[in-house]
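The values are calculated or read from the model by the stated rules, or taken from the named source; none is laboratory data. Just so it is clear, the structure is predicted and the values come from calculations on it, not from any experiment. Cβ atoms come from the backbone with ideal geometry, glycine included; neighbour counts cover every protein chain shown. Surface accessibility is based on the protein's heavy atoms, side chains included, excluding ligands, DNA and RNA. Shrake-Rupley method; radii C 1.70, N 1.55, O 1.52, S 1.80 Å.
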Amino acid sequence: MRITVIGSGYVGLVSAVCFAELGHEVLSVDNDHAKIALLREGQVPIHERFLPELLNRHRGKRLSFSTSVREAVDQSDAVFITVGTPQSETGEADLSFVEAVAREIASAIHDFKVVVEKSTVPVRTCESLRKTLLLNGARQDLFSVASNPEFLREGTAVTDFLYPDRVVIGVDDQVSASLLSSIYRPLTDGSYYRQENAIPLTGYAHAQAPIIVTDAKSAELIKHASNAFLAMKISFINAVANIAESVGADIEQVCEGIGSDSRIGRKFLNAGIGYGGSCFPKDVQAFRMVAEQCNYEFGLLTEVMRVNTEQRTRFLRKVRNALWTLRGKRLGVLGLAFKGDTDDIRESAALEIISALLKEGACVCAYDPAAIPKAKEVLDENNMSYAADPYMAAAGCDAVLILTEWKEFAQLDLEKLRSVVKHPILIDGRNLYRPADVARAGFVYHSIGRSVAIPESMIFDGKSEATRRESAIRLATIPGWRQESGQPLQPAS
Ligand code: UGA
């Protein structure tokens with residue numbers, strides 16, 4: 001099959017490379033000449049596992065690059081639109097890039113094409129796409145439109161594409177249905193998984209990727225509803241975490257209990273500082289606007305967004321409680337990206353929290369395995385610096401903060417970390433550790449939805465005056481602690 005993919009951002013580039021991996025002739029198009037030049041040389045502009053390998057496997061063979069929509073459309077059977085759909089000022093998806101591309105496609109249709117929207121778009125976009133193609137001169141009998149939403153996560157986008165939970169194709173005619181089905185056939189008949197050099201993934205649940213064929217509007221709704229549901233799961237568990245924290249329960253144990261119900265599932269039940277990224281914040285808001293236009297008040301989504309924003313504010317309060325005042329305090333921050341395994345900082349909760357800490361007068365030294373170059377473009381204040389590893393970021397700090405769920409941050413050498421910090425306070429916004437382990441390493445450990453863990457040496461047991469004095473002396477060096485007369489020493493929260 002000859003495929004054109006218009007837009008070579010995260011979704012477009014991964015899709016183009018993976019379509020080539022499935023054996024198709026692919027043209028990847030972008031109007032950014034510099035980006036196309038880089039891709040032609042085999043350089044990948046984003047941090048994505050397996051992408052460099054696949055790009056170089058197919059570049060110059062089944063995969064080529066172009067800046068001309070016309071040329072590419074002319075040479076293809078299927079045209080996928082994967083341009084950006086940013087949030088407009090009103091909260092709706094801004095579809096102007098999709099419309100502009102549709103106009104260009106229309107003028108290049110001379111024989112039959114299936115035009116497929118793959119960007120995240122509101123329901124009924126297929127209808128508008130069809131109208132725009134007609135208005136701009138495409139002959140009605142020379143095209144059909146379809147929806148093929150993607151469910152790729154940054155960081156695992158290539159394996160998400162090649163090993164999907166499901167392929168959704170939204171079609172209103174038989175031609176689009178059979179063309180899209182044959183594009184994905186190597187996955188849906190399982191032949192790709194038997195290839196010797198297939199990108200590997202252990203633990204995939206299916207021998208053949210399931211395919212769901214719907215009408216176009218339903219496919220469009222599936223995309224928005226899926227992202228909104230996942231965001232809701234995260235806000236729900238964060239709300240429960242706040243209760244767990246108040247009553248002294250442990251949210252991780254609660255999650256295990258809830259998540260083992262197969263109707264609920266354990267995934268996306270990780271409490272933390274809230275969701276970010278280029279998808280969930282924008283898509284939840286856009287879906288709420290879609291509902292509003294349908295005269296339905298989707299209050300549930302309003303609450304999902306509110307809980308998400310509040311989660312960041314609550315984390316800041318936690319930092320203040322642990323440190324008392326922030327002015328002049330030095331904080332070692334681990335994580336800048338909106339989640340692990342990516343260099344993407346769009347709508348990153350980590351960045352928002354760092355900005356607030358800097359505003360309150362703290363000095364921040366941050367480390368992230370991939371996102372430092374991008375963070376430097378937006379966070380360049382005097383009291384902001386960057387380190388080459390987690391221990392350098394933590395050196396001489398009043399507290400260490402974990403803000404992104406990189407695997408590397410879950411495997412720190414806590415003894416080593418303890419030896420470089422000024423005060424042993426670890427505030428974990430991603431619950432990467434078991435509290436007892438961190439306390440055993442000598443840290444006061446604050447996390448989400450769990451009690452503060454305190455090293456044994458710092459707990460006053462009330463038995464001996466010597467221990468009491470010793471504990472008080474140790475605790476006096478740690479801000480954010482209080483002792484009421486006759487009571488054990490307590491964190492000040
Ligand atoms: C998300 C969806 O997961 C994809 O299925 C979808 O295709 C994509 O959006 C999109 O619409 O293009 P992505 O934004 O890459 O993918 O990231 P996720 O892995 O979903 O994480 C989103 C945010 O939620 C991150 O900030 C992450 O830290 C947070 N998160 C995730 C939690 O706070 N808790 C969790 O349990 C899971």
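Give the residues of the range 14-32 that are in a helix (DSSP H, G or I), touching a strand residue (DSSP E or B) at 6+ places or on another chain (Cβ under 8 Å) and either free of Cβ contacts under 8 Å to residues at least 12 places away in the same chain or more than 15 Å from V69 (Cα to Cα) (or both), sorted by residue number.
Going through the range 14-32, the residues in a helix (DSSP H, G or I) turn out to be 14-21.
This time we only want the ones that are touching a strand residue (DSSP E or B) at 6+ places or on another chain (Cβ under 8 Å), so: 15-17, 19-20.
Answer for the range 14-32, where residues must be in a helix (DSSP H, G or I), touching a strand residue (DSSP E or B) at 6+ places or on another chain (Cβ under 8 Å) and either free of Cβ contacts under 8 Å to residues at least 12 places away in the same chain or more than 15 Å from V69 (Cα to Cα) (or both): S15, V17, F19, A20.
Would you mention how many residues in the range 328-345 are on the phi < 0 side of the Ramachandran plot, more than 14 Å from the ligand (Cβ to nearest atom) and open to solvent by 10 Å² or more (accessible area, probe 1.4 Å)?
Of the residues in the range 328-345, 2 are on the phi < 0 side of the Ramachandran plot, more than 14 Å from the ligand (Cβ to nearest atom) and open to solvent by 10 Å² or more (accessible area, probe 1.4 Å).
Evaluate the range 157-173: report whether one residue or more is in contact with a Pro (Cβ under 6 Å, 6 or more places away or on another chain) and surrounded by fewer than 21 Cβ atoms within 10 Å (Cβ to Cβ).
Narrowing the range 157-173 to residues in contact with a Pro (Cβ under 6 Å, 6 or more places away or on another chain): 166, 168.
Keeping just the survivors that are surrounded by fewer than 21 Cβ atoms within 10 Å (Cβ to Cβ) gives 166.
Yes, the range 157-173 contains at least one residue that is in contact with a Pro (Cβ under 6 Å, 6 or more places away or on another chain) and surrounded by fewer than 21 Cβ atoms within 10 Å (Cβ to Cβ).
Which residue pairs have Cβ atoms closer than 7 Å, lie 6 or more positions apart in sequence or on different chains, and pair a first residue in the range 304-320 that is within 16 Å of K233 (Cβ to Cβ) with a second residue that is among the hydrophobic types (A, V, I, L, M, F, W, C)?
Matching pairs, first to second residue: V304/A231; V304/M232; V304/V284; M305/V284; V307/A239; Q311/I273.
Please state which of the following conditions I3 fails to meet, knowing it meets all the rest: (1) within 15 Å of the ligand (Cβ to nearest atom); (2) at pLDDT 95 or above.
Checking I3 against (1) within 15 Å of the ligand (Cβ to nearest atom); (2) at pLDDT 95 or above, the one that fails is (1).
Quickly run through the range 1-13 and pick out the residues that are open to solvent by less than 10 Å² (accessible area, probe 1.4 Å), not β-branched (V, I, T) and not in a loop (DSSP other than H, G, I, E, B).
G12, L13 - these are the residues of the range 1-13 that are open to solvent by less than 10 Å² (accessible area, probe 1.4 Å), not β-branched (V, I, T) and not in a loop (DSSP other than H, G, I, E, B).
Being in a loop (DSSP other than H, G, I, E, B), in contact (Cβ under 8 Å) with a residue 60 or more places away in the chain and among the aromatic types (F, W, Y) is the filter here; which residues of the range 265-289 pass it? Walk me through how you get there before you give the answer.
Taking the range 265-289 first, the residues in a loop (DSSP other than H, G, I, E, B) are 265-279.
Add one more test, that the residue is in contact (Cβ under 8 Å) with a residue 60 or more places away in the chain, and what stays is 270-279.
Hit for the range 265-289 is Y275, nothing else.
Output the number of the condition that P45 fails; it satisfies all remaining conditions of (1) surrounded by fewer than 17 Cβ atoms within 10 Å (Cβ to Cβ); (2) within 23 Å of the chain's Cα centre (by Cα); (3) at pLDDT 95 or above; (4) not aromatic (F, W, Y).
(3)
Checking the structure you have, find out if any residue of the range 393-406 is free of Cβ contacts under 8 Å to residues at least 60 places away in the same chain, touching a helix residue (DSSP H, G or I) at 6+ places or on another chain (Cβ under 8 Å) and open to solvent by less than 30 Å² (accessible area, probe 1.4 Å). So that I can check it myself, show each step before the final result.
Restricting attention to the range 393-406, the residues satisfying the condition of being free of Cβ contacts under 8 Å to residues at least 60 places away in the same chain are none.
No, the range 393-406 has no match at all.
Output yes when any residue across the range 160-175 is more than 19 Å from V79 (Cα to Cα), within 16 Å of the ligand (Cβ to nearest atom) and without any contact (Cβ under 8 Å) to a residue 12 or more places away in the chain, and no when none is. Let's see the steps before the verdict.
Residues of the range 160-175 that are more than 19 Å from V79 (Cα to Cα), as a first pass: 160, 162-166.
Still in the list and also within 16 Å of the ligand (Cβ to nearest atom): 160, 162-166.
Still in the running and without any contact (Cβ under 8 Å) to a residue 12 or more places away in the chain: 160.
Taking every residue of the range 160-175 in turn, at least one turns out to be more than 19 Å from V79 (Cα to Cα), within 16 Å of the ligand (Cβ to nearest atom) and without any contact (Cβ under 8 Å) to a residue 12 or more places away in the chain.
Assess whether T132 counts as being more than 20 Å from V5 (Cβ to Cβ) and of a type in the set (V, I, T).
On the way: more than 20 Å from V5 (Cβ to Cβ): no; of a type in the set (V, I, T): yes.
No.
Just the residues that are of a type in the set (G, A, S) and surrounded by fewer than 24 Cβ atoms within 10 Å (Cβ to Cβ), please, taken from the range 59-75. Even if it seems obvious, please write down each step before you answer.
Filtering the range 59-75 down to residues of a type in the set (G, A, S) leaves 60, 64, 66, 68, 72.
Hits for the range 59-75 are G60, S64, S66, S68.
Kindly indicate the residue of the range 374-420 that is of a type in the set (S, T, N, Q) and within 23 Å of D437 (Cβ to Cβ) and also farthest from the ligand (Cβ to nearest atom) among those meeting that condition. Outline the logic, then answer.
If we filter the range 374-420 for residues that are of a type in the set (S, T, N, Q), which is where we start, we get 382-383, 385, 404, 411, 419.
Cutting the leftovers down to within 23 Å of D437 (Cβ to Cβ) gives us 404, 411, 419.
On the way: T404: 7, Q411: 18, S419: 30 Å.
Top of the filtered list is S419.
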